[in-house]
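Trainee: The structure follows.
No lab work stands behind these numbers, since they all come straight from the coordinates. Note that this is a predicted model, so its numbers are computed, not measured. Using ideal geometry, Cβ is built from the backbone for each residue, glycine included, and neighbour counts are taken over all protein chains shown.
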Amino acid sequence: MIKAMGVALVGVMALAVPAAAAELPGFEVSFVDAGTGAPVENVCLGMVDESDRGVVEPQVMVQCSDSSGKVRNYYTNRHRFYVWSRDGSYGSHWIGAHGPTGEFAKAKWFEAKDRVTRVNVMMGAPGEIAGVVTDATTGAPVAGLCPMPTPAGKGFGGFPGVTCSNDAGEYKITGLAAADWVVQFPDFAGRYAWEWSGNAPNRLAASTVRVRSGVTTALHAKLEPEGRITGKLVNAPDRGQYMSIDVVNRWTGDYASPKPVKDSTTLTYMVPGLNTQQVEISYVAMGTPRYEYPTPVRVTAGQTTPDIDLMFPPQG
C-alpha cells in the first residue's frame, strides 16, 4: 500500500493479458477497500478518450461496480479513468500511474486492443474542498457557480459531490480522494470569466489544492468579468440553426466557455465567459465538415473581441 500525506492512497495495477478465445478484449476494473481489501460495490467508472477534452459525463455511458467490486466493458481504444462512489463514502479521483490524482494531466492512459486489460484500484477515505465565490470587482458573493474537479464541458448537468454556490457564495465539493487537485470555476451562465484554482486563466497556470482524508480544505475564488468573442455566420447552412461551435484553450485543449449563443435572424454569434487567453475555434453545421478558424484568437477578460467571422467554407 502506498503511503503519503498520512493516509493510504489508491494503488493501481494494470495487467494486460491475451484475450482467451471466449473472452473479448476490453477493460476489467476491480475496486477494493484500501483498509480491508474487500470488494467495493457501487463505484462508478467514467472513461474519457482523446476526443473528450477531459470532460467526464456522469449521466452518460457510466458503469458502476457490482457486488464483486468489478466493472467489465469492451472498449479497446485509449482511455483515462475517473472513478467515484455513488454514496461518497470513498474518494473520487483520476487513476494515475502510482495512485490517485486530482489532475487530469497526470491521469494514466489505458488501452486494451486485442487484450483484456485488468486494472486493480484500492479506494480510500474521502476529504472535501469548500469555499466562497465572489465577484473580483465588487466583492459580492456569486450564487449558482458550480465548481468542477475535472475539466468542464459546455454545460452542467450535475456532478458527483458538487454543491453549487448559494446566495452567500458558499460551495462544496465532497467525496474527493486524498491527492493534489486542480479545480475549475466555470460560470455556465456566462456572467463571469471561467477560471481555475488560484484565480488562474487556464489549467496550466492553476494552483494545486491538497486534499486530506476527513478534512475540509478551503479554496476561494474571485471571478473576473467575462470576455467575449463576436462575429458573423457567413453562408451558414440552415441559417446556423444546427451549427455547433467549440472554443478551446490553445494550450490545454480545455473548453474555454459555455455554449456559444447564435442568432439565426441576424446570422451572428457570441461566445461568453472567456478569460484572458488564446483560443482556437472550430465549427460544424449539418452536412458539413468540421472547420477550423484559421488562426488562434487572443481574448481578454472584461473585453469583447469582435469581427471573428465563421465562414462556410473558410476562405484561403
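Trainee: Which of the trypsin sites (Lys or Arg not before Pro) across region 52-84 are loop residues per DSSP, with 15 or fewer other Cβ within 10 Å?
Mentor: Working: sites: Arg53, Lys70, Arg72, Arg78, Arg80; in loops: Arg53, Arg78.
Of the trypsin sites (Lys or Arg not before Pro), the ones in loops of region 52-84 whose Cβ has at most 15 other Cβ atoms within 10 Å are Arg78.
Trainee: Further question: Would you give the gap between the C-alpha center of region 98-161 and the C-alpha center of region 242-316, rounded to a whole Å?
Mentor: Measuring centre to centre over Cα atoms gives 25 Å.
Trainee: List the lysines whose alpha-carbon lies under 30 Å from that of Lys172, not counting same-chain residues fewer than 8 positions away?
Mentor: Lys3, Lys70, Lys106, Lys108, Lys154, Lys222, Lys259
Trainee: Could you give the size of the charge dipole of the chain about its Cα centre, using +1 on the Cβ of each K and R and -1 on the Cβ of each D and E, expressed in debye and rounded to the nearest 20? Numbers along the way, then the final one.
Mentor: On the way: 27 positive and 30 negative charges, 82 e Å.
The dipole magnitude comes to about 400 debye.
Trainee: Let me ask something else about it. Shape verdict for region 83-183, please, from the Cα gyration tensor: rounded (a/c under 1.5), prolate (a/b greater than b/c) or oblate. Before the final figure, lay out each step's value.
Mentor: Details: a/c = 2.59, a/b = 2.13, b/c = 1.22.
The shape class here is prolate.
Trainee: Moving on. For the charge dipole of the chain, defined by +1 on Lys and Arg C-beta atoms and -1 on Asp and Glu C-beta atoms about the Cα centroid, which residue among Asn42, Ser67, His98 has the Cα displaced farthest towards the positive pole?
Mentor: His98
Trainee: Rank Pro25, Pro289, Pro258 by mean-square fluctuation in a GNM of the chain with C-alpha springs under 10 angstrom and give only the top-ranked residue.
Mentor: In the Gaussian network model the winner is Pro289.
Trainee: With a ≥ b ≥ c taken as the square roots of the eigenvalues of the C-alpha gyration tensor of region 127-223, please select rounded if a/c is under 1.5 and otherwise prolate if a/b is larger than b/c or oblate if it is not?
Mentor: Values: a/c = 1.42, a/b = 1.36, b/c = 1.05.
The shape class here is rounded.
Trainee: Picking from Gly227, Gln315, Gln241, whose Cα lies most toward the positive end of the charge dipole for the chain (charges on Cβ: Lys, Arg +1; Asp, Glu -1)?
Mentor: Gln315
Trainee: Quick check on the chain: of the DSSP beta bridges with both residues there, what percent are antiparallel, nearest 5%?
Mentor: Numbers: 63 of 83 bridges.
Around 75 percent of the beta bridges assigned by DSSP in the chain are antiparallel ones.
Trainee: In addition: Would you report the distance distribution of C-alpha pairs in the chain as whole percents per 10 angstrom bin, up to the bin with the largest distance?
Mentor: 6, 25, 29, 23, 13, 3, 0
Trainee: List the aspartates and glutamates whose Cα lies under 20 Å from the Cα of Lys232, skipping any in the same chain that are fewer than 8 positions away.
Mentor: Candidates past the 8-residue exclusion: Asp246, Asp263, Glu280, Glu292, Asp307, Asp309.
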